[in-house]
Amino acid sequence: MKETPLSNCERRFLLRAIEEKKRLDGRQTYDYRNIKISFGTDYGCCIVELGKTRVLGQVSCELVSPKLNRATEGILFFNLELSQMAAPAFEPGRQSDLLVKLNRLLERCLRNSKCIDTESLCVVAGEKVWQIRVDLHLLNHDGNIIDAASIAAIVALCHFRRPDVSVQGDEVTLYTPEERDPVPLSIHHMPICVSFAFFQQGTYLLVDPNEREERVMDGLLVIAMNKHREICTIQSSGGIMLLKDQVLRCSKIAGVKVAEITELIQKALENDQKVRHRKEGGKFGFAESIANQRITAFKMEKAPIDTSDVGEKAEEIIAEAEPPSEVVSNPVLWTPGTAQIGEGIENSWGDLEDSEKEDEDEGGSEEAVILDSVKMDAGVISNIGSQDAPIVLSDSEEEEMIILEPDKNPKKIRTQTISVKQEKAASKKPMKKRKKKRAVN
């Protein structure tokens, strides 16, 4: 899926804001976004958040045979993955030009700068060495991937602990963390990448560009440096010509930013070690780093409620309330054995639709016949009710009878209802004969 291109209005708006030294997120020209570092339960697992850009770093190790030309040095391997979870424009299973460029820049920044002592990773010269693998997964893309990935890689390497090993003759013994404490890696310095975006052919400069600013920039300059102001690598892309003074100014800004980020990383590592070695059993891991204000937290703030004077308040409310009315509606007796509370209410439904009116007009004659029979049945019931007879209710043409007291004279009722049916049939027969006579004529 291709990324949605910026419209001309958005492009002009961004460039105009940069000319006025304003940014969409309110930062100044040389400001970094907020950096947050959180560690997992295992050593060597961390998540680095640079604004909304999130990178997961995971370090693993394995005993392998060394390279032939470097028999006493361990192996470092870096792998960055761009998944569609980070941005829809990234295609899975395919190495894009951006991914190849980022992987090469990471290797030059971390491996070629000799930030890790690879000779300390040798177990048996020419036979067994440690291979350290750093896997970086981009979880969310909001610009400046290389800075977030370099921070995540160096933080994961500093946090990682490899198993302890002992060698006796030709036998290599690998100890579990329960048997011996894991051993940290030997790290000489911490190189960190700082990105600079140039606009209008190098006229304007921004530090830590976000995703929208990267779309409208003309060129990018990446400087990898440690806190001792030693430049590890420089890469310029975009095809713009930079002056010597511009590069020197960027290197000075990078030195300040790298010192701040290095201090932040060291504080995060120290805090994690304090929590892990706490005697009371401190809580650590990704779950503990989630803020309570988010939806994913299962914690609620409890507010104390005073219930001591609830009874007094309830009595005051009852005393101030108006007393209920004592008017009781009289029941209306329509027929013996039935009653209704209150008077009848008119139909509150809206006007009938045209189709319902036509149905009523067509069924008018049939309803007249049924109403006559219902009136006769009501007369029968009222006569029987005066004689303390059982009450019979009928609500259909098939004369389904519901007898509430079956012990008293059920036969009389049936004869009377049958007589009603016979009267109906007798009244309908002459109508049929007349129709036949008219058809003959």
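The values are calculated or read from the model by the stated rules, or taken from the named source; none is laboratory data. Fair warning: this is a prediction, and the values are worked out from it, not measured in the lab. With ideal geometry, Cβ positions are generated from the backbone for all residues, glycine too; neighbour counts draw on all protein chains shown. Protein only, heavy atoms only, side chains kept; ligands, DNA and RNA dropped before computing areas. Shrake-Rupley method; radii C 1.70, N 1.55, O 1.52, S 1.80 Å.
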ask   = How large is the charge dipole for segment 30-283, taken about the Cα centre, if only the Cβ atoms of Lys, Arg (+1) and Asp, Glu (-1) carry charge, to the nearest 20 debye?
value = 520
inquiry  = At a threshold of 8 angstrom on Cα-Cα distance, excluding pairs fewer than six apart, so keeping six or more, what relative contact order does segment 46-186 reach in percent?
reply    = 35
All-pairs Cα distance distribution in segment 30-283, expressed in whole percent, bin size 10 Å = 7, 29, 33, 21, 8, 2, 0
key: segment 43-107: trypsin sites (Lys or Arg not before Pro) in DSSP loop, at most 12 other beta carbons within 10 Å   = Lys67, Arg94
Solvent exposure ordering (accessible area, 1.4 Å, most first) of Asp181, Asp164, Asp147, Asp170 = Asp170, Asp181, Asp164, Asp147
note = Percent antiparallel among DSSP beta bridges confined to segment 30-283, rounded to 5, stands at 85
key: J(HN,Hα) series, segment 207-213, from Karplus relation 6.51 cos²θ - 1.76 cosθ + 1.60, nearest Hz, glycine and proline x   = 9, 6, x, 8, 5, 6, 5
Segment 30-283 - percent relative contact order, Cα under 8 Å, separation 6 or more = 19
note = Computed on Cα atoms, the radius of gyration and Dmax of segment 173-274 in angstrom are 18.5, 61
